[in-house]
Amino acid sequence: MNIIDFIVSNFNEFLFFTGFANATVGNIIMIVVGIFFIWLAIKKDFEPLLLVPIGLGIVLGNIPFRADAGLEIGLYEDNSVLNIFYQGVRQGWYPPLVFLGIGAMTDFSALISNPKLILIGAAAQFGIFGAYMIALALGFEPNQAAGIAIIGGADGPTAIFLSSKLSPNLMGAIAVCAYSYMALVPVIQPPLMRLLTTKKERHIRMQPARRVSQLERIMFPIIGLLLTTFMVPSGLPLLGMLFFGNLLKESGKTTRLAKTAGSALNDVVVVLLGLTVGCSTQASEFLTMNTVFIFLLGAFAFIIASSTGILFVKFMNIFLPRHKKINPLIGNAGVSAVPMCARISNNMGLEYDRHNFLLMHAMGPNVAGVIGSAVAAGALLGFFS
């Protein structure tokens, strides 16, 4: 073989392994979706800390290559770097670490000072169980329906944790759906809040929260851990890390550990989690009718959860004296997207009364929603286990 034939032969073989030769329509569609996520994050400021890693992960996971080439570069190929990172998602390591960071960053004082706000967080979990029943009616297996329904909690780590245990084949779609709706909270919730409340209700001013002592803040994670995990032991990985992180914050003696858990460690885990979740959406696995149903069910669950929280506040106000009534605009915060939902409650309150600050009040049901979604996930996991 002369040198020209050798070069031509090897060049043809090189082209055979390029992405251009192996690209499919599905790859192109998913790459466009990934770029759209990045655009939403940067241009529209929709949760950039979530959507930038997920969006680039979608692009990265859909770069076409020959799966039979033995290159060990794909997410689903053993010993590849991405596959090693993905074990944190598939084996459920990342979500508890995220909950550790959430606990270390969260102030539960608003909930401690007004314990009845936990009922709003509990009411918002109705979206999970409503979506579960509809998923069953659509023909999903019970364990798959449970993984899909948890999207209603608007809690990405919880959705990943539960789906990795109950429906791993749907985990990529469930995770992307959950994070997508978390990012779209500012778009979905305000119209619901306007629709379900009256002008008079939007102007309700709530009494300032009482001051919470350090002893109360220290006792809360201990008592909360015992109550929730005795009720649903299967929620221990999430609830245990959530309350552990909060104890680090409130003890006053472990500030250094709390700062690490809530900043550096949390950032590392979020980067790896978002990137690998995005990579898991390979076109061959993701572009199915099941994915379409999951996104529709996720939207339904999220809308029901937000609406139930608002309506439950209106119901509570029937029995509360006039000076203790709750502004229904904080009902949306029963969904566990912290602190996004609480900020929306506050912004809506200021829109109708520029002196009506609802942020601290809304943080009560918002953190209650985090606990509620973890309890719901634990209950579903315990039931199906």
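Tabulated results
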| read-out | value |
| --- | --- |
| Residues located in the stretch 40-67, provided they are in contact with a Cys (Cβ under 8 Å, 6 or more places away or on another chain) and not small (Gly, Ala, Ser) | Ile58, Leu60 |
| Some residue of the stretch 355-362 being crowded, with 24+ Cβ neighbours inside 10 Å, of a type in the set (A, V, I, L, M) and not in a helix (DSSP H, G or I) | yes |
| The stretch 146-170, residues that are of a type in the set (A, V, I, L, M), under 13 Å from the mean Cα position of the chain (by Cα) and under 16 Å from Leu296 (Cα atoms) | Ile148, Ala149, Ile150, Ile151, Ala154, Ala159 |
| Any chance Asn327 is polar (S, T, N, Q) and in contact with a Lys or Arg (Cβ under 9 Å, 6 or more places away or on another chain) | yes |
| Gly372 over 18 Å from Met193 (Cβ atoms) and surrounded by 24 or more Cβ atoms within 10 Å (Cβ to Cβ) | yes |
| Any chance Lys314 is in contact (Cβ under 8 Å) with a residue 12 or more places away in the chain and within 14 Å of Arg205 (Cβ to Cβ) | no |
| Filter result for the condition that a residue is open to solvent by 70 Å² or more (accessible area, probe 1.4 Å) and either not basic (Lys, Arg) or not in a helix (DSSP H, G or I) (or both), over Asn246, Asn169 | Asn169 |
| Any hit, the stretch 36-46, residues being over 17 Å from Gly61 (Cα atoms), in contact with a helix residue (DSSP H, G or I) (Cβ under 7 Å, 6 or more places away or on another chain) and modelled with pLDDT under 90 | yes |
| Those residues of the stretch 213-227 which are crowded, with 18+ Cβ neighbours inside 10 Å and either modelled with pLDDT under 95 or small (Gly, Ala, Ser) (or both), in sequence order | Gly224 |
| Residue in the stretch 142-153 that is modelled with pLDDT under 85, assigned to a helix (DSSP H, G or I) and touching a Ser or Thr at 6+ places or on another chain (Cβ under 7 Å) present | yes |
| Failed criterion for Ala258 (all others in (1) open to solvent by less than 30 Å² (accessible area, probe 1.4 Å); (2) closer than 26 Å to Gly57 by Cβ; (3) over 20 Å from the mean Cα position of the chain (by Cα) hold) | (2) |
| Test set (1) assigned to a helix (DSSP H, G or I); (2) at pLDDT below 90; (3) buried (at least 18 other Cβ atoms within 10 Å of the Cβ) - Thr281 fails condition number | (1) |
| Residue match in the stretch 83-96 (condition: part of a loop (DSSP other than H, G, I, E, B), in contact (Cβ under 8 Å) with a residue 60 or more places away in the chain and either open to solvent by less than 10 Å² (accessible area, probe 1.4 Å) or small (Gly, Ala, Ser) (or both)) | yes |
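The values are calculated or read from the model by the stated rules, or taken from the named source; none is laboratory data. Only a predicted model underlies this, so the values are computations on that prediction, with no experimental measurement involved. Note that each Cβ is placed from the backbone with ideal geometry, even for glycine, and that neighbours are counted across all protein chains shown. We work out accessible area using only protein heavy atoms, side chains counted, and drop any ligands, DNA or RNA first. Shrake-Rupley method; radii C 1.70, N 1.55, O 1.52, S 1.80 Å.
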